[in-house]
Amino acid sequence: MQSPPDFSVVREQWNERYRAGEHTKTDPDPLLLHLYEEFIAPLFPEPGRGLDLAGGAGRHAIWMAKQGWHMTLADLSDEATTVARQNAQAAGVELQTVSEPSIDTLVRASASSAAQYDLIMVFQYLDRSLFPAMRAAIRSGGLVLYKTHTIDHLEIGDGKGPKAPEHLLERQELLRVFAGARVLYYNETVVRRGTQCLLAQIP
Ligand SMILES: C[S@@+](CC[C@H](N)C(=O)[O-])C[C@H]1O[C@@H](n2cnc3c(N)ncnc32)[C@H](O)[C@@H]1O
């Protein structure tokens, strides 16, 4: 039998980065604001339950909470969730946080329909083994919003960001992974940085 992965080394690496003051910006990706106005708000006039997976210091979860969403931020790093809670308090919003590997959060969420989310979002993080569990943790009619770097970033990027293929999406990959979902928005960038973004509704 395969032993479960040991996340302690990765957690400590990320904790170090947060202690050094890295990855703590609070401005959300402007694309979230656009997608919220064009798709998320019209589809969810009543704000729902959202999960920001690998949510870091909370720039996206806090922005969603300001729109009235009930947000949970999950991140392996307890330094990140501490900063996220401080940022939420400063912004005057409620934010639930969990410090654990993403897979644990997703397995719990997919265990019952009551625990599923209306929206799961992931920015700047990739672990392909999570895709099936992500889908199972979104309720029917709910949304997946995913944006991260692609393999093209190695050629056109500014040298910052992930370099290992396991952390970089293939071209069109999110369309294949979430095949069968209703694609509301899809985009790949090819200048300045290589990214891919999908917003799709789970049937
Ligand atoms: C580049 S940061 C992105 C943070 C945030 N999504 C944003 O866009 O500001 C990647 C995050 O993934 C988290 N992380 C790494 N491995 C993880 C895992 N197995 N489970 C949950 N979070 C993880 C790190 O702690 C870090 O906060």
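Taking Tyr36 as the residue in question, decide whether it is within 12 Å of the ligand (Cβ to nearest atom) and crowded, with 17+ Cβ neighbours inside 10 Å. So Tyr36 does not fit the description; no. Considering the conditions (1) in a loop (DSSP other than H, G, I, E, B); (2) within 16 Å of the ligand (Cβ to nearest atom), Arg171 is excluded by exactly one of them, (2).
Here the range 187-203 is the region considered, the condition is being part of a strand (DSSP E or B) and open to solvent by 10 Å² or more (accessible area, probe 1.4 Å), and the residue that is farthest from Glu155 (Cα to Cα) is Gln201. Consider Asp158 carefully, then state whether it is more than 23 Å from His34 (Cα to Cα), open to solvent by 20 Å² or more (accessible area, probe 1.4 Å) and not β-branched (Val, Ile, Thr). For Asp158, the condition - more than 23 Å from His34 (Cα to Cα), open to solvent by 20 Å² or more (accessible area, probe 1.4 Å) and not β-branched (Val, Ile, Thr) - is met.
Each residue in the range 50-97 was checked for being open to solvent by 10 Å² or more (accessible area, probe 1.4 Å), part of a strand (DSSP E or B) and within 11 Å of the ligand (Cβ to nearest atom), and 1 pass.
Scan the range 87-102 for residues that are touching a residue at least 24 places away in the same chain (Cβ under 8 Å) and either more than 20 Å from Trp14 (Cβ to Cβ) or in contact with a helix residue (DSSP H, G or I) (Cβ under 7 Å, 6 or more places away or on another chain) (or both) and the total you get is 10.
Can you tell me which residue among His34, His23 is closer than 17 Å to Gly58 by Cα and under 18 Å from the mean Cα position of the chain (by Cα)? After ruling out the rest, the residue left standing is His23.
Note on the range 1-25: residues that are more than 9 Å from the ligand (Cβ to nearest atom), of a type outside the set (Asp, Glu), within 21 Å of Glu79 (Cα to Cα) and open to solvent by 80 Å² or more (accessible area, probe 1.4 Å) amount to 2.
Every condition in (1) modelled with pLDDT of 95 or more; (2) of a type in the set (D, E, K, R); (3) under 25 Å from Arg11 (Cα atoms) is met by Glu188 except one, and the failing one is (3). Which members of the range 110-129 meet the condition of being open to solvent by less than 10 Å² (accessible area, probe 1.4 Å) and under 10 Å from Leu53 (Cβ atoms)? Answer for the range 110-129, where residues must be open to solvent by less than 10 Å² (accessible area, probe 1.4 Å) and under 10 Å from Leu53 (Cβ atoms): Ile120, Met121, Val122. So which residues in the range 161-182 are of a type in the set (A, V, I, L, M, F, W, C) and surrounded by 14 or more Cβ atoms within 10 Å (Cβ to Cβ), if there are any at all? Within the range 161-182, Leu168, Leu169, Leu174, Leu175, Val177, Phe178, Ala181 qualify. Residues of the range 135-151 that are within 12 Å of the ligand (Cβ to nearest atom) and in contact with a helix residue (DSSP H, G or I) (Cβ under 6 Å, 6 or more places away or on another chain): Tyr146 alone.
The values are calculated or read from the model by the stated rules, or taken from the named source; none is laboratory data. In this text, all values refer to a predicted model and were calculated from it rather than measured experimentally. Please note: Cβ atoms are built from the backbone with ideal geometry, for glycine as well, and neighbour counts cover all protein chains shown. Calculation scope for accessible area: heavy atoms of the full protein, side chains included, ligands and nucleic acids excluded. Shrake-Rupley method; radii C 1.70, N 1.55, O 1.52, S 1.80 Å.
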